[in-house]
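Data block below; observations after.
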Amino acid sequence: MNWQTVEDQYFSDSKFFAQLVGIWPQQERFTKFFIRLFIFVLIIVALITQVSRVIVFYSTDTLMDQLIYLTITIIIPIKQYNYILNEKKMEELLSEIVIDHLMERPKEELEILDTYYKKAIIFSFIYKASISTSALMFILMPAIPPILNIIAPLNESRGREFVYPAYYFVDEQQYYYPILANMIAGELVLIAVYIATDINLIYVIYHGCALLVISGYRFKHALDDVNLYDEKYNDALMHEAYAKVCRSIEAHKRAVKYMQKIDACYVHYFLIVLGMTIVAFTFTFVKLSTMEMGTKFFTFCVCTVAQLVHLLFLTIMGQSVENSNNEIFQTIYEANWYSGSSRTQLLYVLVLRKCLNPPVLSGGGLIPLNLFSFVQVLKASFSYYTVFRSA
């Protein structure tokens, strides 16, 4: 296989969505600039119209209602521009994936790479389906009143619905369809940006997990040919085993360095997104507790599920890294390290010590991304919710 073949095979969907939002590193400069400008204009219009609604129709309910949509809208440029600002680093991470697949490896290591690639495919499919479904539900909201007017007509027609609340400084009924088109375009951009940025994250993280597991596999089998009771037990075998352990250490160093590069690209992004997710969750819970059953209530329920899926996705990525680190520690511990020479055994001790400080994904270096943090974020959101409810 050549470079282009590997890229087409392993990055087909991530490349497609990344090109849609102008964040694919090898994309033409003019095309990227045009796409980014178009998305930027859409986001600015969405933010201005939402903020205007709060100013023109100011009330506590209006503010709380709008803050949820504002938070989701603000996350879109944060996601996109995190990739734009770290474009060179992202290109390096993607290039390393291609290089690793082109490298000559034993069958067992190729199987590990393939296993984690399949995990990435499954997880990205679930994420794409959940985000697309949630956003499409919002897009279809304006179609509900006309359908109900046909199925269950009232004395007068039901009012027109929009995708999200906003104020456009014009007669909303007269310019209903242009406004609706703008909102739908914004929702489609939301789908594309969320999917493009997050499935790229899935692929790079699961590749890093595969590299960590491969290094653990090498440590576990480095001394397989050495047997204390074998007649062939000699200095040559011991030297070869020592060389294998050294190569395993190099593989582990490279895997750790790769994970550190990922964390460097996303460390501030994770912190900002986690903070904004807490805000969105808090105001969503407050709003749901004060609403009656109806179209808006259903809309906010969908919004809550989408936020939950997004938060769960981020924390599962960090949990996958932790699980891979734990797997390495276990495989190294289970290796036949006692069959090696004293200097080989010392290397195993040093590696085990290094595994006690594994690479992790975190938000600003403050919040480790794992399922425990997922629960803590939900607890924090509920805590703030109770404060606002009691105020």
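Bear in mind these aren't lab numbers, they're just calculated from the coordinates by the rules spelled out. Quantities reported herein were computed from a predicted structural model and do not represent experimental measurements. Methodologically, a virtual Cβ is constructed for each residue, glycine included, from the backbone with ideal geometry; neighbour enumeration extends over all protein chains shown.
Some notes on this structure:
- Pairwise alpha-carbon distances in the chain exceed 29 Å for 52% of all pairs.
- Three principal axis lengths of region 232-391 [C-alpha, angstrom, descending]: 80, 26, 25
- Cα-centred dipole magnitude for region 3-390, charges only on beta-carbon of K, R (+1) and D, E (-1), debye, nearest 20: 740
- Where the alpha-carbon atoms of region 80-141 are placed on the principal axes, they occupy 53, 29, 11 Å, in descending order.
- GNM result for the chain, Cα springs below 10 Å: residue of E156, E334, E104 fluctuating most strongly: E156
- Remark: K107, K79 ranked as K107, K79, counting other beta-carbon atoms within 10 Å and listing the fewest first.
- Using alpha-carbon coordinates, inclination of helix 342-355 to the longest axis of the chain, degrees: 10
- Angle between the chain longest axis and helix 87-102 axis [Cα atoms, degrees, rounded to 10]: 50
- Three semi-axes of the equivalent ellipsoid, region 8-142, Cα gyration tensor, whole Å, largest first: 38, 19, 12
- Ranking I112, Y167, I122 by Cα position along the charge dipole of region 97-181, where only Lys, Arg, Asp and Glu carry charges on their C-beta atoms, puts Y167 farthest toward the positive end.
- In degrees, nearest ten, helix 60-85 long axis to first principal axis of the chain (Cα): 40
- Euclidean distance between Cα centres, region 326-344 to region 28-93, Å: 50
- Put a plus charge on the Cβ of each Lys and Arg, a minus charge on the Cβ of each Asp and Glu, and nothing anywhere else: the dipole of region 89-202 about its Cα centre is then about 420 debye.
- Inverting the pair-averaged 1/r between distinct Cα atoms of region 128-176 gives 12.6 Å as its Kirkwood hydrodynamic radius.
- Coordinate range along principal axes, alpha carbons of region 164-221, Å, largest first: 73, 14, 10
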